[in-house]
Amino acid sequence: MRSNSTAALMALALSSATAIFQAGPAFAEEPQKGGTLRILGSAEVDRFDTIPPATSDAVNFQRAVWRQLISFAASADQAEQVKAVGDLAEDVPAPTNNGLTYTFKLRQGAMWNAPGGARQITAEDIERGFKRMCNPAIGSPHLTYFENLIVGLADYCAGFAKVEPKVEPMKAYIEANDITGIETPSADVVTFNLKTPANDFIYLLSLATAAPAPVEVLNYMPDSPEYRANFISNGPYTIESYVPDSMLRLVRNPAWKPETDPLRKAYVDAIEIVAGVQADAAMQQLQSGDGDMLYDHSIPPASAQMLIAQGDEKMSTVTTGRTRFVWINTVSSNNGGALKNVKVRQALSYAMDKAAIVQQLGGPTFAKPLNGIFPPNVIGYHEFDLYPSKDAKGDAEKAKALLAEAGYPNGLKLKMPYRNIGSDPALAQTIQESLKKAGFEIEISPVPPADFYPRLITNFSNAQNGVWDLVPAGWSPDWPGGAAGSIFLPQYSYNGTHGTFNFSDYNSDRANELAAKASATTDAEESVKLWQQVDEAVMADAPTVPLVAVYTMLYHGPAVRNFLPYAPGGQGDWTNVWLSR
Amino acid sequence: MTAPATDTAPAVVQRGSFELTLRRLLRDKAGLLALAFILLLVAFALGAGVVEAWTGHSAFEQYRDTGLTPTGMPVGPGAEFLFGTDGLGRDVMVRLAYGARTSLTIGLLASVLASFIGVSIGLVAGYFGGWADIVLGRTMDLVMSIPVLLCALALVSVFGPSVILSVAVIVFFSWTTIGRVIRGQVISLRQRDFVQASRSLGAGPFSIMIIDILPNLSVPIIVYTTMMIPNGIVFEATLSFLGLGIVPPAPSWGGMLAEAASNSIYLVAWWLIMIPGAILLIATLSFNILGDALRDALDPSGRPARKRRKASKP
């Protein structure tokens, strides 16, 4: 699950990306090959391996070095950006066996850059990738999605969990055991058998964690220094050199053939990802042409405003799947358990001035008020507002009335910690001020970013002990397009064991039932309708107050051409830009 | 030194010394200017409510229609907002006034507390010597060897930011300087005849320390306490700048600077850096100059004062 559990994760966690305006003289010129693309970031690429949890920024790196069965095209067209297409798979198959079986034919000529020379990627490599997912050393953060779907994966993982987390025993287990639900009838065919029909299975296969693994990697611990030193790429680029916390340099992968890859043009000869650059400095380098693109920086709103004011055509906006909302703690007994009362939560929903949040984030170019759990571009999003107010400015009167009805005519005192970074302090104060009008006295407190999610918010005992009443949070779906499940399941469903990102064990049987139907149906339209009902069912209980869907501004240096957003990475696609210097 | 004053007729000589001090102080133009600015600042801080009433803007209210552009950018200095607005559409002038309250309160409180602790410990260590001196002296060394900011950050992240913690941190790290000075002075003073005389008359250590020694320390105490005020103000600003001092939305100078620096907003709103930055600079400079002037005025044996006295004699 891509929560925003670290600062970096939060930085540029985007999903479905849409160019609102895509400008530049790119289309007039003839694409040219060559050159070195310089990418500037504050943090370095944190993972080279496909399995361990990585920041969402690393998705752009993975795009350059890894290929998996399914991926997305880099495109200026909104619909095309989120359309799953075959990458290593020749095409996207329709499921058979009542939606339970998916059979993929592998693209011939797609090679590993193996130490003994280029080698064809086989069905067995695909299965090996899935086997590594639940290795006992560092597992995949997306495992639960697959474990619930693929026949036999849960059993396979249960057995793997007992293995000692060392190279030899792990290698032996992977070689000796098979996942019953993944069949490899021949070297170029792989079949997945699912427990239940799932219309988002195809999207799941676009995650880096579902990438194939060459047999050599079994000789190393996941993402260990040995793994990194013996890196085997199957994408257009591979690692040439790596200086920790400083620079990662990618060069062409000799084993990659352009004719086998419909998604990546790979114009540039090399890509340098430079770490340790501050946002301001990075923007200046981009403007002067010393840098080409940003890695994990989002453009500071003030810089963005200046660029817009100057009419800089290298600026573009993307709609992201990223949302901001306020979680309400319904498990603590603070204020006599006031927040357990749905009327109080609805009062909070009515009181929230979403227009102020939009303004604070830079106006309608940067954000849009959100009234449900699904953002635009994610299946299930629709215009509705159960707690309407004029111009989304909040209805303090209605909120006060509800609060009085609930037995708190004199208002309520609530605690709201916030992440002390970027625009979060300003947002927290905006929320505080907007709720004040309705009689809520919000006591805000800054929390160091590194502590916020790991120590404070995802620690369930803090919720139970009433350390917080409200908390501003954010979420990005794990894949673009049909990602409703990756928003609903981790956050708004509860199966008896506490989920990390369902901060106060919210559960709605009706929503769960609808969501199960929505995931299972093969009728796309019905699925959309059902997800919309899920959204409304959840919002009726008001477990969170949705604030805004965030658009992200993208910027690039003057030499960059063909800057097309790659939706999962929320950035221009490194493998499709070319340079004109 | 006022030591000779206690020996002879105290009432007359002490008045003369005060007069002399005052005359020396009045001759120091920089010191007077600094004093004037400090008085102005105090008036500004005390009159924060008046500023609020006069502008009609509260320090917390976000003027989203008049104080921010539709794209959330602050409004520059103008008729409605004399010093402009901040990133949340709040009046910078009103916040500056309330921030002055915070800064001055913390600066004063912290320096008075620190000098109280420093003087007490310095007195005890210097007077008793021996084990007391070793233990207290090494404690001072220990405190001085702690990396201030690192420790402050750690403390604040454990206990959470608050005014009381800010003051405590500032006090904890600033009492040692004055403590050392006092200890040194006391070591030399306790050998003096008037202390011996007091002791032979049967005075206890407590009475000697308070009645005989302490008045002789008034100069370093006044000077060092004044000099500690700007340190306190800057330290508070530093903590708030790092988001570890005053909890927003309560205004403080350091917090205002931090808000200006975050999100590069200073690129479009120079007044968010220049105004609080300038006032912070002038305030700390004033306290430092005043401290200097006080030292010169109170201590006729100090070099600059003697030079001036010589110059004014002919």
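The values are calculated or read from the model by the stated rules, or taken from the named source; none is laboratory data. Note that the coordinates shown come from a computational prediction; the quantities given were computed from them, not determined experimentally. Note: ideal-geometry Cβ built from the backbone for every residue, glycine included; neighbour counts use all protein chains shown. With ligands, DNA and RNA removed, areas are computed over all heavy atoms of the protein, side chains included. Shrake-Rupley method; radii C 1.70, N 1.55, O 1.52, S 1.80 Å.
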For chain B, the accessible surface attributable to carbon and sulfur atoms (probe 1.4 angstrom, ligands and nucleic acids excluded) amounts in percent to 71
Mean accessible area per residue over the stretch B:116-220 (1.4 angstrom probe, all protein chains present, square angstrom) is 51
In the stretch B:246-272, accessible area falls by at least 30 Å² from chain alone to full assembly (1.4 Å probe) for B:247, B:248, B:249, B:263, B:264, B:267, B:268
Helix A:167-176: inclination vs chain A longest Cα principal axis, degrees, rounded to 10, gives 80
Restricting to Cα pairs under 8 Å and 6 or more apart, the percent relative contact order of the stretch A:373-531 works out to 23
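With every protein chain kept in the model, how would you rank A:327, B:270 by accessible area, 1.4 Å probe, largest at the top?
Putting A:327, B:270 in descending order of accessible area: B:270, A:327.
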Length-normalised contact order of chain A, Cα under 8 Å, at least 6 apart, in percent, tallies to 24
Out of A:344, A:396, A:320 - ranked by how far each Cα lies towards the positive end of the dipole of the stretch A:273-431, with unit charges on the beta-carbon of charged residues - the top one is A:344
Rounded to the nearest 10, the angle in degrees between the Cα long axis of helix A:342-351 and the longest principal axis of the Cα atoms of chain A comes to 80
To the nearest 10 degrees, the tilt of helix B:163-189 (Cα long axis) against the first principal axis of the alpha carbons of chain B is 20
Inter-part gap, Cα centre of the stretch A:428-450 to Cα centre of the stretch A:527-581, in whole angstrom, is 27
Isolated cysteines for the protein assembly as shown, Cβ-Cβ cutoff 4.7 Å, are B:151
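Under unit Cβ charges (Lys, Arg +1; Asp, Glu -1), what dipole magnitude, rounded to 20 debye, does chain B have relative to its Cα centre?
Charge dipole, chain B, about its Cα centre: 1440 debye, nearest 20.
Rounded, prolate or oblate: which fits the stretch B:103-174 when a ≥ b ≥ c are the square roots of the eigenvalues of the alpha-carbon gyration tensor, with rounded for a/c under 1.5 and prolate only if a/b beats b/c? Mind showing how you got there, number by number?
Details: a/c = 3.33, a/b = 1.63, b/c = 2.04.
The shape class here is oblate.
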Protection proxy (average C-beta count within 10 Å per residue), highest first, orders A:431-438, A:206-213 as A:206-213, A:431-438
Output field shielding_mean for A:300-308 (other chain Cβ, 10 Å radius) holds 5
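Using a 1.4 angstrom probe with every protein chain in place, what is the largest-first accessible-area order of B:239, B:26, B:35, B:257?
B:26, B:35, B:257, B:239
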Computed over all unlike Cα pairs, the Kirkwood hydrodynamic radius of the protein assembly as shown in Å stands at 31.2
Per residue, accessible area of the stretch A:380-491 with a 1.4 Å probe, heavy atoms of protein chains only, in Å², comes to 37
Of all DSSP beta bridges having both residues in chain A, the percent classed as antiparallel (nearest 5) is 75
At R0 = 22 Å the Cβ-Cβ FRET efficiency linking residue A:436 and residue B:65, nearest 0.05, sits at 0.80
With the 1.4 Å probe rolled over protein heavy atoms, the stretch A:539-581 has an accessible area per residue in Å² of 15
Log entry, pair B-A: total buried accessible area, probe 1.4 Å, protein chains only, in Å² rounded to 100, is 2100
Here the whole-number average of other chain Cβ atoms within 10 Å per Cβ of B:73-81 is 1
The answer for chymotrypsin sites (Phe, Trp or Tyr not before Pro) in the stretch A:481-539 that fall in a DSSP coil and have at most 16 neighbouring Cβ atoms within 10 Å is A:494
Distance in Å, no decimals, from the C-alpha centre of the stretch B:69-119 to the one of the stretch A:208-250 is 51
Of the candidates B:281, B:93, B:165, the farthest towards the positive dipole end of chain B (Lys/Arg Cβ +1, Asp/Glu Cβ -1, centred on the Cα centre) is B:281
So the carbon and sulfur contribution to the accessible area of the stretch A:328-402, 1.4 Å probe, in percent, is 51
Computed over chain B, the relative contact order (Cα-Cα under 8 Å, seq sep at least six) in percent reads 25
Answer in debye to the nearest 20: the dipole magnitude of chain A about its Cα centre, from +1 Lys/Arg and -1 Asp/Glu charges placed on Cβ, is 720
Excluding residues fewer than 8 positions from residue A:393 in its own chain, the lysines with Cα under 20 Å of it are A:343, A:354, A:368, A:436, A:437
